[in-house]
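Some notes on the structure that comes next.
The values are calculated or read from the model by the stated rules, or taken from the named source; none is laboratory data. Computed from a predicted model, the values in this text were never measured in an experiment. Glycine also receives a Cβ, built like all others from the backbone with ideal geometry; neighbour counts cover every protein chain displayed.
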Amino acid sequence: MPKPKYNHPFIKFVRHECRRYKVKFMLQHENEIKNQDEGALSCGGYFTDTPAELAVATRISYTDFLSTLVHEYSHMTQWIDNSPYYIGHRGFDSWDIIERWINGEEFKKNTVKRCINIVRNCELDCDRRAIKIIKKHRVSININTYCQKSSAYIYFHNFMKITRKWEYKDIPSNKKQIIDKMPTNLNGDYSRTPRKIMELFKKYMR
């Protein structure tokens, strides 16, 4: 049974939407979780459409939990809306190719670049949706901070293109030295990472 604080009105709304669209909704009392895909990486939450599931770990701070829930629900809205960002991500199996590339399988340089761009743009569209959802449902999340953490995560995809590595001791959105330098909105062009931000990744991601 979820703890009382997990009866937030937005959580009830997401639970209702999951029932409406026949998506399995799970709150798991763990620090990190994985979906059923072979080789899937640990994360704070996920949304998948095959099978249709939305899951979030709850053994994290309440603010991080709400932020993850908003993010993963935003992915669900992409799926519901047939967003071209989401369809492109799923249709090309982009993340599957990226994972295999990270694990040592070789692909053409343009294929890897295309996959990373597709995934990055999908995440950017997702978090732009998330900002609207936070405002609409009055979710108790600081939008400026959410945008800064989102920016670090989205720019990190470009860093991965160089390092061929995704998992580190910590994630960029937990690094204060990185977060403090990120924009407080998501209006920019994330196709390239500014040099100063790239230097922050090189310095603090170990």
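The table that follows gives values for the structure above.
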| item | result |
| --- | --- |
| Residue within the range 181-194 that is over 16 Å from the mean Cα position of the chain (by Cα), of a type in the set (Asp, Glu), closer than 16 Å to Arg128 by Cβ and assigned to a loop (DSSP other than H, G, I, E, B) present | yes |
| Any chance Tyr73 is surrounded by 18 or more Cβ atoms within 10 Å (Cβ to Cβ), closer than 23 Å to Leu27 by Cβ and of a type in the set (Phe, Trp, Tyr) | yes |
| All positions within the range 70-100 that are aliphatic (A, V, I, L, M) and either assigned to a loop (DSSP other than H, G, I, E, B) or at pLDDT below 95 (or both) | Ile87, Ile97, Ile98 |
| Extreme residue, surrounded by the most Cβ atoms within 10 Å (Cβ to Cβ), among residues of the range 137-163 that are of a type in the set (A, V, I, L, M) and farther than 14 Å from Asp180 by Cβ | Ile154 |
| The one condition in (1) outside any helix (DSSP H, G or I); (2) in contact with a Phe, Trp or Tyr (Cβ under 8 Å, 6 or more places away or on another chain); (3) not basic (Lys, Arg) that Ala130 fails to fulfil | (1) |
| Tally of residues being in a helix (DSSP H, G or I) and touching a Lys or Arg at 6+ places or on another chain (Cβ under 7 Å) across the range 168-180 | 2 |
| All strands (runs of 3 or more DSSP E) inside the range 8-69 with 2 or more residues being over 17 Å from the mean Cα position of the chain (by Cα), free of Cβ contacts under 8 Å to residues at least 40 places away in the same chain and surrounded by fewer than 18 Cβ atoms within 10 Å (Cβ to Cβ) | 24-28 |
| Among the candidates Lys113, Lys149, Lys161, Lys165, residue that is outside any helix (DSSP H, G or I), farther than 30 Å from Lys22 by Cβ and not acidic (Asp, Glu) | Lys165 |
| Odd one out for Glu123 among (1) modelled with pLDDT of 95 or more; (2) acidic (Asp, Glu); (3) farther than 25 Å from Met76 by Cβ | (3) |
| Condition met for Lys202 (of a type in the set (Lys, Arg), free of Cβ contacts under 8 Å to residues at least 60 places away in the same chain, assigned to a helix (DSSP H, G or I) and more than 21 Å from Tyr62 (Cα to Cα)) | yes |
| In the range 171-193, residue surrounded by the fewest Cβ atoms within 10 Å (Cβ to Cβ) [restricted to those that are closer than 9 Å to Gln148 by Cβ and not hydrophobic (A, V, I, L, M, F, W, C)] | Asp180 |
| Close pairs from the range 79-94: first over 15 Å from Leu54 (Cβ atoms), partner at pLDDT below 90 and of a type outside the set (Gly, Ala, Ser), Cβ under 8 Å, at least 6 apart | His89/Trp95 |
